[in-house]
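This report concerns only the one structure given below.
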Amino acid sequence: MKRRKTFVFFHSSNRHKFVTVACVSLALALLFVIKLLPLLAQTTPEVVGYDDAISHNAQQMLAEGKQTFRFDTFGSEAFWGDTLKLHEAVAKLSPKKALALGLKVDAEALPADLVEQIKQGKVDLDDPATTLALVKLNAVVGVKAFLTPDGSGMKSIGINCALCHSTVDDSFAPGIGHRLDGWPNRDLDVGAIVASAPDLSAFKKLLGVPEPTVRKVLKSWGPGKFDAQLVLDGKAFRPDGKPAATLNPAAFGLAGVNNHTWTGSWGNVTYWNAFVSNLEMHGKGTFFDLRLDDKKKYPVAAKAGLGHKRDSDDQITGKLPALQFYQLAMPVPKPPPDSFNSEAATRGQAIFNNKAKCATCHVPPLFTEPGWNLHSAQEIGIDDFQAKRSPDNRYRTAPLRALFDTQKIHKGGFYHDGRFATLPEVVNHYDKALKLQLTEQEKNDLIEYLKSI
């Protein structure tokens, strides 16, 4: 007897039925996919594409912001060169004198053959012609030269953000090295440099004082300081006779921080970029702030209409978003392991958060208040001169940043005007003002923690 086949798949009568069912199933599946494709086309590519757009936009803004921060003059050459003729003074500077004034040289902009010549001592650093050669190479940080048609000299000069808010790591020589964007240039004597300009009549007209007085004020600032409010209120000196200029602040570590200036509610970094590029760098752009119409508080600005600036050739406004993006991307430099005592810092952290009351205002990890980070002079135990120059008469809770570095970042002292030369002086001030009654050991531990931030 023949064994009957039980695997119906191979039975001829069932094979036809299976193929028919399979074809119908395949057809339904294809129909489902065809119906689904338009929906997929409307959703999946849009989500993936927008994610890609965000990443692309971030990279593009970072690159554009870096370029703007380092090299864009915003048309300021019309003021510094054409009006003040500052380029004539710079043309007389030897590299040694330029470095002594705090100007920095970007080693990466130097050709290899020039680097070798400098190493061999074949470059005359006492010759102003060498300074011209460096400026032509875009090697002088924060300065851009506009050359005569034959390239033999400068017909004008403009400045960049990096002039005051970048330095170098001195890896090649003092004042020559790799750029450190966002680090304040506390060596730069910007007042002395501007005072050397042949024609200061623009400041004479704005401030309503003789040119010799303008030069005296500019020369009083000293290295690492600048008076941004001078062109607003005309107050050149404090009641005690000291210059009203403040230290160049760090431009790094500002992401998440509200109010980015030493005093008052001027605004965050994008406001200050607009303010500085228009009113301090004297670039061509648009700037609006009704607060500057206050004739009593800001007589100079009100008279000149600085709160209503609008140039037909706006070279600033379109660059502000990317510039802000680049600045907010600048991280806080990390302290080297050997720059503080780790055991003492651990003890100091507990003191910071508790007995010393530091964390009440300097809230970790921002180390300033999240939100409205402003206080009266009385609250922090100092005079109110600088605070009163701001819109709401307050001092900002400065975010504690890279306190280990007193050679570059905090050279010139602490606070807005460098009134405290060292961290122990800062701690002693608060110990007295807030009646903390810290022991010497607790003070030392607290300082080690501050250096570790």
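When G208 is tested against the conditions (1) on the phi < 0 side of the Ramachandran plot; (2) surrounded by fewer than 22 Cβ atoms within 10 Å (Cβ to Cβ), the lone failure is (1). Tallying residues that are touching a His at 6+ places or on another chain (Cβ under 9 Å) and in a helix (DSSP H, G or I) within segment 352-377 yields 1. Among the criteria (1) within 19 Å of E77 (Cα to Cα); (2) touching a Leu at 6+ places or on another chain (Cβ under 9 Å), the one G158 does not fulfil is (2).
Listed here are the residues, each with its yes/no results for (1) out of contact with any His (no Cβ under 9 Å at 6 or more places or on another chain); (2) on the phi > 0 side of the Ramachandran plot.
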residue: S171; (1), (2): no, no
residue: V190; (1), (2): yes, no
residue: R215; (1), (2): yes, no
residue: G222; (1), (2): yes, yes
residue: D227; (1), (2): yes, no
residue: D233; (1), (2): yes, no
residue: R238; (1), (2): yes, no
residue: K242; (1), (2): yes, no
residue: P249; (1), (2): no, no
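Filtering K388, K355 for residues that are of a type in the set (D, E, K, R) and either under 30 Å from L290 (Cα atoms) or not assigned by TED's automatic domain parsing to the domain that holds A421 (or both) leaves a single hit, K388.
May I ask you to list the residues in segment 47-93 that are of a type in the set (S, T, Y) and either part of a helix (DSSP H, G or I) or touching a Leu at 6+ places or on another chain (Cβ under 6 Å) (or both)?
The initial filter retains those residues of segment 47-93 that are of a type in the set (S, T, Y), namely 50, 55, 68, 73, 76, 83.
Residues satisfying the conditions are Y50, S55, T68, T83.
May I ask you to list the residues in segment 105-164 that are among the acidic types (D, E) and surrounded by fewer than 22 Cβ atoms within 10 Å (Cβ to Cβ)? If you could, list the steps in order and put the result at the bottom.
Let us first name the residues in segment 105-164 that are among the acidic types (D, E), namely 106, 108, 113, 116, 124, 126-127, 150.
Within segment 105-164, E108, D113, E116, D124, D126, D127, D150 meet the criteria.
Do the conditions hold for G153, that is, is it over 22 Å from L323 (Cβ atoms) and either among the hydrophobic types (A, V, I, L, M, F, W, C) or at pLDDT 95 or above (or both)? Considered against the rule, which asks whether it is over 22 Å from L323 (Cβ atoms) and either among the hydrophobic types (A, V, I, L, M, F, W, C) or at pLDDT 95 or above (or both), G153 comes out as no. For segment 158-215, the candidate set comprises residues that are small (G, A, S) and in a loop (DSSP other than H, G, I, E, B); within that set, the residue that is nearest to W272 (Cα to Cα) is G182.
Could you list, in sequence order, all residues of segment 34-73 that are hydrophobic (A, V, I, L, M, F, W, C), exposed (fewer than 12 other Cβ atoms within 10 Å of the Cβ) and either within 30 Å of S277 (Cβ to Cβ) or at pLDDT 95 or above (or both)? If you could, list the steps in order and put the result at the bottom.
Taking segment 34-73 and keeping what is hydrophobic (A, V, I, L, M, F, W, C), we get 34, 36-37, 39-41, 47-48, 53-54, 58, 61-63, 69, 71.
So of that shortlist, the ones also exposed (fewer than 12 other Cβ atoms within 10 Å of the Cβ) come out as 34, 36-37, 39-41, 47-48, 53-54.
Across segment 34-73, the qualifying residues are A53, I54.
Residues that are in contact (Cβ under 8 Å) with a residue 40 or more places away in the chain and polar (S, T, N, Q) within segment 128-149 comprise T131, N138, listed in sequence order.
Whenever a residue of segment 172-189 is under 18 Å from Q327 (Cα atoms) and modelled with pLDDT of 95 or more, its partners that are in a strand (DSSP E or B) and not hydroxyl-bearing (S, T, Y), lying with C-beta atoms within less than 8 angstrom and at least six residues away or across chains, give the pairs H178/D106; H178/V168; R179/D106; R179/V168; L180/V168; P184/L247.
Conditions tested, residue by residue: (1) within 20 Å of G65 (Cα to Cα); (2) part of a loop (DSSP other than H, G, I, E, B); (3) outside the structural domain of L446 (by TED's automatic domain parsing).
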{"site": "W272", "(1), (2), (3)": "yes, no, yes"}
{"site": "H282", "(1), (2), (3)": "yes, yes, yes"}
{"site": "K297", "(1), (2), (3)": "no, yes, yes"}
{"site": "V300", "(1), (2), (3)": "no, no, yes"}
{"site": "L306", "(1), (2), (3)": "no, yes, yes"}
{"site": "L320", "(1), (2), (3)": "yes, no, yes"}
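Looking only at segment 409-418, how many residues end up being crowded, with 20+ Cβ neighbours inside 10 Å and out of contact with any strand residue (DSSP E or B) (no Cβ under 6 Å at 6 or more places or on another chain)? Matching residues across segment 409-418 total 2. Scanning segment 385-407 for residues that are touching a Lys or Arg at 6+ places or on another chain (Cβ under 9 Å) and of a type outside the set (S, T, N, Q) yields F385, A387, K388, R389, P391, A402, L403, F404, D405.
Filter segment 396-449 for residues that are touching a helix residue (DSSP H, G or I) at 6+ places or on another chain (Cβ under 6 Å) and either within 26 Å of G256 (Cβ to Cβ) or small (G, A, S) (or both) and give the result.
So in segment 396-449, the residues touching a helix residue (DSSP H, G or I) at 6+ places or on another chain (Cβ under 6 Å) come out as 403-404, 414, 420, 423, 427, 438, 442-443, 445-449.
L403, F404, F414, F420, L423, V427, L446, I447, E448, Y449, listed by residue number.
The values are calculated or read from the model by the stated rules, or taken from the named source; none is laboratory data. A quick note: this is a predicted structure, and the numbers were derived from the prediction, not measured. A quick note on method: Cβ atoms are made from the backbone with ideal geometry, for glycine too, and the neighbour counts reach across all protein chains shown.
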